[in-house]
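A short write-up of the structure that comes next.
The values are calculated or read from the model by the stated rules, or taken from the named source; none is laboratory data. All values derive from a computational prediction rather than experimental measurement. Backbone-built Cβ (ideal geometry, glycine too); neighbour counts: all protein chains shown.
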Amino acid sequence: MSKLYIDIGGTYLRSELLNNGKIFKEKVSSHTISLNDYLEDKLKTCPDIRKIGISFAGQTNHGKILSSPNISVSEYNIKKYIEKKYHVSLKIDNDINCALLAEKEYSKAENMALLYIGTGMGAAVLEQGKIVRGESNLAYELGHVPFKKAPFRCGCGKDNCLELFSSGSGLKKWCAYYGLPAMSVEALKHSKDKRAKKIYKNFTKGLLRAAATLVTLANPKVLVLGGGVILSNPYLKEEVEKKIGKYALFSSLEELDLVLSQFKNASMEGAKRL
Ligand SMILES: [Zn+2]
């Protein structure tokens with residue numbers, strides 16, 4: 001029996017195929033193939049796959065994809081479609097919830113929160129050992145909480161989301177808007193250009209607003225910061241540590257441990273735990 005794990009984001013689809021004790025890893029652009037076609041290709045070339053776990057950078061609920069602003073999807077009812085056609089069991093969840101599955105095993109905290117900044121901004125909360133999901137698995141969509149008005153729109157349709165200021169895709173949009181080349185957080189921080197300084201300032205303000213809102217609403221014991229943008233700029237953790245007191249409820253901070261994710265790819269690790 002083989003098992004297939006997938007982590008699909010706005011830029012890449014990464015997979016790990018577990019076959020006879022060997023792991024076959026693959027990384028392809030998530031723009032060149034739909035998730036559905038990728039799965040069918042794999043199931044045809046490796047017909048003994050029996051279990052599939054997918055971490056998906058979009059909204060999902062009970063095996064269905066609800067929305068995927070950055071990922072090409074041709075079949076939204078993916079669990080039903082694949083399980084009907086092939087002899088497999090498929091589980092799919094939002095990438096931050098998947099990351100939480102891996103992080104909770106590592107941290108052992110019963111109450112924890114995750115704030116991930118990569119292409120987008122995502123959050124997830126564990127309460128008394130259980131993931132908080134809400135009615136449609138949409139709880140803690142923190143990236144879409146209003147922050148400031150922007151001159152362009154978010155994937156969700158609004159123009160004032162936190163994600164428009166404090167995410168990799170948001171930074172790209174701001175650089176393009178000001179006619180600047182795409183710049184990293186680090187480059188924006190050290191730039192002498194006024195526009196770059198403004199983008200950086202809004203990025204850190206949005207990050208602090210997000211972290212503080214999460215801590216104030218969820219009251220976690222552990223707040224894990226992760227995602228590509230934060231992990232490639234680990235000093236952002238100190239920035240949050242230093243300034244979160246200005247934004248969060250003081251008593252929520254007393255017992256709080258602020259940590260960086262210890263995983264290179266927690267979402268993929270979570271897909272294995274689905
Ligand atoms: Zn939004």
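Could you figure out which of (1) out of contact with any Pro (no Cβ under 7 Å at 6 or more places or on another chain); (2) near the ligand (Cβ under 10 Å from one of its atoms); (3) under 19 Å from Gly10 (Cβ atoms) isn't true of Gly155?
In the conditions (1) out of contact with any Pro (no Cβ under 7 Å at 6 or more places or on another chain); (2) near the ligand (Cβ under 10 Å from one of its atoms); (3) under 19 Å from Gly10 (Cβ atoms), Gly155 misses (1) alone.
Considering Ala113, Ala123, which residue is outside any loop (DSSP other than H, G, I, E, B), assigned by TED's automatic domain parsing to the domain that holds Leu258 and touching a Phe, Trp or Tyr at 6+ places or on another chain (Cβ under 6 Å)?
Going through Ala113, Ala123 in turn, the sole match is Ala123.
With Val145, Val125, Val132 as the choices, which residue is more than 17 Å from Ala57 (Cβ to Cβ), within 16 Å of the ligand (Cβ to nearest atom) and surrounded by 15 or more Cβ atoms within 10 Å (Cβ to Cβ)?
Result: Val145 is the single residue among Val145, Val125, Val132 that is more than 17 Å from Ala57 (Cβ to Cβ), within 16 Å of the ligand (Cβ to nearest atom) and surrounded by 15 or more Cβ atoms within 10 Å (Cβ to Cβ).
Is it true that Ala210 is crowded, with 17+ Cβ neighbours inside 10 Å, under 19 Å from Ala99 (Cα atoms) and either of a type in the set (Phe, Trp, Tyr) or within 16 Å of the ligand (Cβ to nearest atom) (or both)?
The answer is yes for Ala210.
I'm checking my understanding of the structure. Among residues of the stretch 39-70 that are under 10 Å from Leu4 (Cβ atoms) and not charged (D, E, K, R), which one is surrounded by the most Cβ atoms within 10 Å (Cβ to Cβ)?
Ile54
So Pro220 fits all but one of (1) in a loop (DSSP other than H, G, I, E, B); (2) away from the ligand (no atom under 16 Å from the Cβ); (3) free of Cβ contacts under 8 Å to residues at least 12 places away in the same chain; what number is the exception?
The single condition Pro220 does not satisfy is (3).
Going through the stretch 139-154 one residue at a time, which ones are aliphatic (A, V, I, L, M) and either assigned to a loop (DSSP other than H, G, I, E, B) or more than 12 Å from Leu214 (Cβ to Cβ) (or both)?
Ala139, Val145, Ala150
Residue check: is Ala150 more than 16 Å from the ligand (Cβ to nearest atom), more than 20 Å from the chain's Cα centre (by Cα) and small (Gly, Ala, Ser)?
Against the criterion (more than 16 Å from the ligand (Cβ to nearest atom), more than 20 Å from the chain's Cα centre (by Cα) and small (Gly, Ala, Ser)), Ala150 does not qualify.
Return the pair list, or none, for Cβ contacts closer than 8 Å from residues in the stretch 144-160 that are outside the structural domain of Asn70 (by TED's automatic domain parsing) and of a type in the set (Lys, Arg) to residues that are more than 10 Å from the ligand (Cβ to nearest atom) and in a loop (DSSP other than H, G, I, E, B), at least 6 apart or on different chains.
Cβ pairs passing all conditions: Lys148/Phe165.
Could you count how many residues in the stretch 157-210 are in a loop (DSSP other than H, G, I, E, B) and acidic (Asp, Glu)?
Within the stretch 157-210, residues that are in a loop (DSSP other than H, G, I, E, B) and acidic (Asp, Glu) number 2.
Being away from the ligand (no atom under 16 Å from the Cβ), farther than 12 Å from Met121 by Cα, in contact with a strand residue (DSSP E or B) (Cβ under 9 Å, 6 or more places away or on another chain) and part of a helix (DSSP H, G or I) is the requirement here; does Lys237 meet it?
Considered against the rule, which asks whether it is away from the ligand (no atom under 16 Å from the Cβ), farther than 12 Å from Met121 by Cα, in contact with a strand residue (DSSP E or B) (Cβ under 9 Å, 6 or more places away or on another chain) and part of a helix (DSSP H, G or I), Lys237 comes out as yes.
If you go through the stretch 175-207, how many residues are more than 15 Å from the ligand (Cβ to nearest atom) and in contact (Cβ under 8 Å) with a residue 24 or more places away in the chain?
Qualifying residue count for the region: 11.
Confirm whether Leu162 is within 15 Å of the ligand (Cβ to nearest atom), crowded, with 19+ Cβ neighbours inside 10 Å and modelled with pLDDT of 95 or more.
In short, yes.
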